[in-house]
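Trainee: Below you'll find the structure I mean.
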Amino acid sequence: FFLCFGLMLFGLGEGLLIISLTGASPWSVLAQGISLNVNLSIGTITLLISIAVLILWIPLGQKLGMGTIFNALIIALMIDLCIKFVPTPSTYFHQLILAIISVMMVGIGGGIYLVSNLGAGPRDGLMVGLQKVSNLPIAAVRATLEITVVSIGWYLGGTVGIGTLLFAFGIGPCVALGLYLVDKIFN
């Protein structure tokens, strides 16, 4: 339950951030940029990126879990459903409010699915695997990954903006909030 519910919130939040037109999370900027250059949806590209990242796990010795597979599938599906059925707010103020809400959703959803402990998401597993191989600090590995994918996505036409910054600075505290809420509600 925690896995699927958390991933649904996470994917919905990612989709809402894209819809806000204020910028997207780094990996969604990449998916959006690729999507603009091929005839596939952002959710489909998100799934294909997840598969490519999972292939990179092989030389890194990372192990799949049920959560890893569900992460790739549910988030991609929720992004496409959100983009298809939720309209973009008409004013910039409402777009900013949507961006804030979406970052909170992603973070809280992430906190909820993390407690299921059923396997790292594709991008998190890549980060951990690269950290083990490189022996660099995890923050440096994560920052390098995020800066690389957002830069490529932006170059390809993905949207980078205040929503991207809100995500970068707000995701950590929001995941912590999600973990706190699950602990308080269920313990």
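Each value in this text was obtained by applying a stated rule to the coordinates, not by laboratory testing. Nothing here was measured: the structure is a model prediction, and the numbers come from that model. As a convention, Cβ positions derive from the backbone with ideal geometry for all residues, glycine included, and neighbour counts pool all protein chains shown.
Trainee: Where in the chain are the DSSP H helices whose C-alpha atoms run 24 Å or more along the long axis and whose mean Kyte hydropathy is at least -0.5? Please list the in-between numbers first.
Mentor: Working: long enough: 2-19 (25 Å, 2.19); 42-60 (27 Å, 2.47); 66-85 (28 Å, 1.87); 92-114 (33 Å, 1.70); 138-155 (25 Å, 1.25); 162-186 (34 Å, 1.71).
Those that pass (Cα extent of 24 Å or more, hydropathy at least -0.5) are 2-19, 42-60, 66-85, 92-114, 138-155, 162-186.
Trainee: Using only the alpha-carbon atoms of the chain as identical scatterers, what base-10 log of I(q)/I(0) does the Debye formula give at q = 0.12, 0.14, 0.18, 0.20 Å⁻¹?
Mentor: Results for the chain at q = 0.12, 0.14, 0.18, 0.20 Å⁻¹ read -0.53, -0.74, -1.26, -1.54.
Trainee: Measuring from the lowest to the highest alpha carbon on each principal axis, how far does segment 40-120 reach, largest first, in angstroms?
Mentor: Principal axes ranked by extent give 47, 31, 18 Å for the Cα atoms.
Trainee: Right, something else. With each run of n ≥ 4 DSSP H residues scored as -39500 (n - 2.57), what mean residue ellipticity at 222 nm is computed for the chain after dividing by its residue count and rounding to the nearest 500 deg cm²/dmol? Write out the running numbers ahead of the final one.
Mentor: Numbers: 8 runs with 148 residues, N = 187.
My calculation for the chain gives -27000 deg cm²/dmol from helical runs alone.
Trainee: Continuing with this model, one more query. Among 174, 115, 185, which residue has its Cα positioned farthest towards the positive end of the charge dipole of the chain, with +1 placed on the Cβ of Lys and Arg, -1 on the Cβ of Asp and Glu, and the dipole taken about the Cα centre?
Mentor: 115
Trainee: Run down the lysines and flag those whose C-alpha is under 19 Å from the C-alpha of residue 132, throwing out any fewer than 8 positions away in its chain.
Mentor: Result set, ordered by chain and number: 63.
Trainee: Also, I was wondering about something else. From the Cα gyration tensor of segment 134-187, with a ≥ b ≥ c the square roots of its eigenvalues, which class applies: rounded if a/c is under 1.5, or else prolate if a/b is larger than b/c, or else oblate? Spell out each step's value before the answer.
Mentor: Numbers: a/c = 3.63, a/b = 1.61, b/c = 2.25.
Oblate shape, in that a/c is at least 1.5 and b/c is the bigger or equal ratio.
Trainee: If you don't mind, there's one more thing I want to ask. Within segment 24-52, find all residues whose amide N lies under 16 Å from a label point positioned 7 Å from the Cα of residue 84 along Cα-to-beta-carbon.
Mentor: It comes to 40-47, nothing else.
Trainee: To the nearest 20 debye, what is the magnitude of the charge dipole of the chain about its Cα centre, counting +1 on the Cβ of each Lys and Arg and -1 on the Cβ of each Asp and Glu?
Mentor: On the way: 6 positive and 5 negative charges, 37 e Å.
I would put it at about 180 debye.
Trainee: Continuing with the same structure: Which residues in segment 113-156 place their backbone N less than 14 Å from a point set 7 Å from the Cα of residue 37 along the Cα-to-Cβ direction?
Mentor: Residues 149-156 qualify, since their backbone N sits under 14 Å from the label point.
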